[in-house]
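Before any comments, here is the structure.
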Amino acid sequence: MAHLSLVILLLIFGGAILAGIIGSLVGLGGGILLVPMLTLAFGLPIHYAIGTSIVAVIATSSGSAAAYVRDRLTNMRVGLFLEVATTIGAVSGAFLTGFLVPQLLFVIFGIVLLISVIPWYSK
């Protein structure tokens, strides 16, 4: 892992702010932007990038959720139902990450990125 100088940390901080803004606007949470930034641009191992992304997504999602609930743009019943399912999925995925080689994680992440583009491309 490369040495993280003050300049690198400031670049990561700026990129994280941008990812948080874009992620909260489009409902991605920012993780889909953070992981490539941390791995490709700054050379961090993918396991660290994924863990960091999860923490950042929690913060971004919490902030966005508060605004959407306040503006009554949230269906709370559906949200709570999905919360249970995504929590189970998150815990399962975090467990499985420890057993997968980084190259496979890159492939899985790439497939998820491609799938996430399909709804935008089809419009």
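The values are calculated or read from the model by the stated rules, or taken from the named source; none is laboratory data. Please read all numbers here as calculations on a predicted model, not as lab measurements. Using ideal geometry, Cβ is built from the backbone for each residue, glycine included, and neighbour counts are taken over all protein chains shown. Protein only, heavy atoms only, side chains kept; ligands, DNA and RNA dropped before computing areas. Shrake-Rupley method; radii C 1.70, N 1.55, O 1.52, S 1.80 Å.
What about Gly89, is it assigned to a helix (DSSP H, G or I) and surrounded by 13 or more Cβ atoms within 10 Å (Cβ to Cβ)? Taking the combined requirement at face value, the residue does not satisfy it. Applying the criterion of being at positive phi and out of contact with any Gly (no Cβ under 7 Å at 6 or more places or on another chain) to the residues of segment 7-60, the residue that is modelled with the lowest pLDDT is Gly27. If only residues of segment 68-99 that are of a type in the set (A, V, I, L, M) and in contact with a helix residue (DSSP H, G or I) (Cβ under 8 Å, 6 or more places away or on another chain) are counted, the one that is farthest from Gly30 (Cα to Cα) is Met76.
Could you please let me know if Leu18 is open to solvent by 50 Å² or more (accessible area, probe 1.4 Å), touching a residue at least 24 places away in the same chain (Cβ under 8 Å) and within 26 Å of Pro119 (Cα to Cα)? I'd like the intermediate steps shown before the answer.
On the way: open to solvent by 50 Å² or more (accessible area, probe 1.4 Å): yes; touching a residue at least 24 places away in the same chain (Cβ under 8 Å): no; within 26 Å of Pro119 (Cα to Cα): yes.
When the stated conditions are applied, Leu18 does not pass them.
Considering Leu40, Leu28, the condition of being in a helix (DSSP H, G or I) and either more than 13 Å from the chain's Cα centre (by Cα) or surrounded by 12 or more Cβ atoms within 10 Å (Cβ to Cβ) (or both) is satisfied by Leu40 alone.
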